[in-house]
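Visitor: Pasting in a structure now, in structure tokens, and then I'll have a few things to ask.
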Amino acid sequence: MRHVVFHLGKGIEMRVDDLNGRLVSAGSGPPVFDNVNSYVVDIQYARVSLTADSLTNLLNNYVFAGPDAPLRNLKIEIEGNELKQSGVLVKAVPVPFHLRAAISATPDGKIRVHPTSMKAAGFLPKRVLDFFGLELERLVKVNPATGVTVDGDDLLLDPERLLPPPRIKGRLTRTWIENGLVVQQFGVPAKRPLTPPNARFNNYMYYRGGTLRFGKLTMVDTDMVLVDADQKDPFDFSPEDYNDQLVAGYSKNTPSHGLVVYMPDLSDLSRRSARATAEGPKAVSSRSSTSR
């Protein structure tokens, strides 16, 4: 994948600058493109990033979305090289808090969130544990599958379990803040990365080899490129809504029996739909006037 905005649902967008890996079946059959739970993205190398808004949605709508979640109304901002987080700790009386934190990668591939300062309900706790107390036990028991654990005052986030499907597998080697984004690097760059035959494609997803099912079709020795119809900006793509993008686009067969699919951005579909809705009554009125 190259220059793709990957929509994971729940208001979460992962910006993929570059990714090389494999689509691995999560079951007995081949990966099914229409089912994000049927495959795992096994990352060999990637550079991806998340905005503050996507991080906010990730925490509120996925990680701490359960009815027993100890943290609510979370908001993430990025200031310089630190994260700013505000929210409410759910106790007998809700306690608002504000937190600043630095991020780094651990040797085993986790994201370490290390608080540098904190204010809660008007006082400054000496340590984060002094504030959270036993609530940290609830924090890690909310849903272990979401990949949040505690190490002293720090939160450890597991990238392989933190995001909604499709699942990813890969070793985080570095994470940092750059241009208002939380950037993550997995693995090391490949010496000969997989690239589509057409060098003019800049924003794309390329699948080569193996068997892949999509819609009512099964492709053997897969050779398929999904290309952004507008190469001027990143490819806005949703794995759950890709069929709408497919219907709005077009495809071409290649001499080597491959397939090139040109798709509009997901955001373009939304704008088209809004424009069609707005123009609908006018169009009907115009037709009615003409018929008279």
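The values are calculated or read from the model by the stated rules, or taken from the named source; none is laboratory data. Keep in mind that what you see is a predicted model, and the values were worked out from it rather than measured. Here the Cβ is made from the backbone with ideal geometry for all residues, glycine too, and neighbour counts use every protein chain on show.
Visitor: Under the condition of being small (Gly, Ala, Ser) and surrounded by 18 or more Cβ atoms within 10 Å (Cβ to Cβ), which residue from segment 72-108 is modelled with the lowest pLDDT?
Guide: Only one residue tops the list, namely Gly87.
Visitor: Among the residues of segment 148-166, is there at least one that is of a type in the set (A, V, I, L, M), surrounded by fewer than 17 Cβ atoms within 10 Å (Cβ to Cβ) and either part of a loop (DSSP other than H, G, I, E, B) or outside the structural domain of Gly66 (by TED's automatic domain parsing) (or both)?
Guide: Among the residues of segment 148-166, not one is of a type in the set (A, V, I, L, M), surrounded by fewer than 17 Cβ atoms within 10 Å (Cβ to Cβ) and either part of a loop (DSSP other than H, G, I, E, B) or outside the structural domain of Gly66 (by TED's automatic domain parsing) (or both), which makes the answer no.
Visitor: Within segment 109-147, can you find the residues that are in a loop (DSSP other than H, G, I, E, B), at pLDDT 85 or above and out of contact with any Lys or Arg (no Cβ under 7 Å at 6 or more places or on another chain)?
Guide: Lys110
Visitor: Of (1) polar (S, T, N, Q); (2) closer than 17 Å to Pro164 by Cα; (3) surrounded by fewer than 16 Cβ atoms within 10 Å (Cβ to Cβ), Ser49 satisfies all except one. Which?
Guide: (3)
Visitor: Hey, another quick one. Of the residues in segment 192-211, how many are among the charged types (D, E, K, R), closer than 21 Å to Leu23 by Cβ and not in a strand (DSSP E or B)?
Guide: 1
Visitor: Take the conditions in contact (Cβ under 8 Å) with a residue 12 or more places away in the chain, assigned by TED's automatic domain parsing to the domain that holds Leu162 and touching a Phe, Trp or Tyr at 6+ places or on another chain (Cβ under 8 Å) and apply them to Ile78. Does it pass?
Guide: no
Visitor: Please count how many residues of segment 216-248 are under 20 Å from Leu269 (Cα atoms) and outside any strand (DSSP E or B).
Guide: 17
Visitor: Hey, another quick one. Of a type in the set (Gly, Ala, Ser), surrounded by fewer than 19 Cβ atoms within 10 Å (Cβ to Cβ) and closer than 22 Å to Gly109 by Cβ, is that true of Ala69?
Guide: In short, no.
Visitor: Among (1) under 22 Å from Val40 (Cα atoms); (2) at pLDDT 90 or above; (3) out of contact with any Gly (no Cβ under 7 Å at 6 or more places or on another chain), where does Ala190 come up short?
Guide: Ala190 satisfies all of (1) under 22 Å from Val40 (Cα atoms); (2) at pLDDT 90 or above; (3) out of contact with any Gly (no Cβ under 7 Å at 6 or more places or on another chain) except (2).
Visitor: Given the residues Lys282, Lys252, which is the only one that is surrounded by fewer than 12 Cβ atoms within 10 Å (Cβ to Cβ), modelled with pLDDT of 90 or more and more than 25 Å from Leu163 (Cβ to Cβ)?
Guide: Answer to the check: Lys252.
Visitor: Further, regarding this structure: Can you give me the number of residues within segment 219-238 that are at pLDDT below 95 and within 14 Å of Phe33 (Cα to Cα)?
Guide: 1
Visitor: May I pose another question? Scan segment 23-58 for residues that are assigned to a strand (DSSP E or B) and touching a residue at least 24 places away in the same chain (Cβ under 8 Å) and report the count.
Guide: Count: 15.
Visitor: Can you find a residue in segment 70-88 that is part of a loop (DSSP other than H, G, I, E, B) and in contact with a helix residue (DSSP H, G or I) (Cβ under 8 Å, 6 or more places away or on another chain)?
Guide: Scanning segment 70-88 turns up at least one residue that is part of a loop (DSSP other than H, G, I, E, B) and in contact with a helix residue (DSSP H, G or I) (Cβ under 8 Å, 6 or more places away or on another chain).
Visitor: Turning to a different aspect of this structure: Kindly establish whether Leu217 is aliphatic (A, V, I, L, M) and crowded, with 17+ Cβ neighbours inside 10 Å.
Guide: For Leu217, the condition - aliphatic (A, V, I, L, M) and crowded, with 17+ Cβ neighbours inside 10 Å - is not met.
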